[in-house]
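Please treat every number below as a calculation from the coordinates, not as lab data. Here the structure is a predicted model, which means the values were calculated and not measured. We place every Cβ from the backbone using ideal geometry, glycine too, and count neighbours over all the protein chains shown.
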Amino acid sequence: MPPELNEQGIEIHPSKELSALDKAFAFLNYPFLGGLTSSDPSQTLDNALNTIGVTGEFRESITAEFNENDWRGVRAEFTRWALNAKAEASKKEAVAEREAEAEVGVQTDS
């Protein structure tokens, strides 16, 4: 990717290798169900969830859908997790911004 096409202004060279994160996202969007397995034995549901960091109720719901051989359910629950993770990150960012603004306000009042 040329530098003018990204916000950081850096050149990003192409990669011919998928990262562990790439493989985990692919596995959760296109899971091997009904006894099918990947040609790469490391590509399992647990490894994908661990790599991405899915825990708690979302991990349980994705696992339940996987055990039911419901790829649409796996994908839907994974999407629900991703949206929740994004919302949590946005919330933390907003809190940090408010705290930084409050700190600046305190310094200018002094």
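General remarks:
- Loop-resident sites, segment 1-39, for chymotrypsin sites (Phe, Trp or Tyr not before Pro), counting at most 15 other Cβ within 10 Å (DSSP): Phe32
- Summing charges over neighbours of Asn47, with a neighbour being any other residue whose Cβ is under 12 Å away from its Cβ, gives -1 when K and R count +1 and D and E count -1.
- Options [x] 18.3, 62; [y] 12.9, 40; [z] 19.7, 67 - which one matches Rg and Dmax of the Cα atoms in Å as calculated here: [z]
- Angle between the chain longest axis and helix 20-29 axis [Cα atoms, degrees, rounded to 10]: 60 degrees
- Candidate lysines for bridging to Lys23, where Cα separation is under 26 Å - those fewer than 8 sequence places away on the same chain excluded: Lys86
- Whole-Hz ³J(HN,Hα) from phi, Karplus 6.51 cos²θ - 1.76 cosθ + 1.60, for segment 63-71, glycine and proline x: 4, 4, 5, 4, 5, 8, 6, 10, 5
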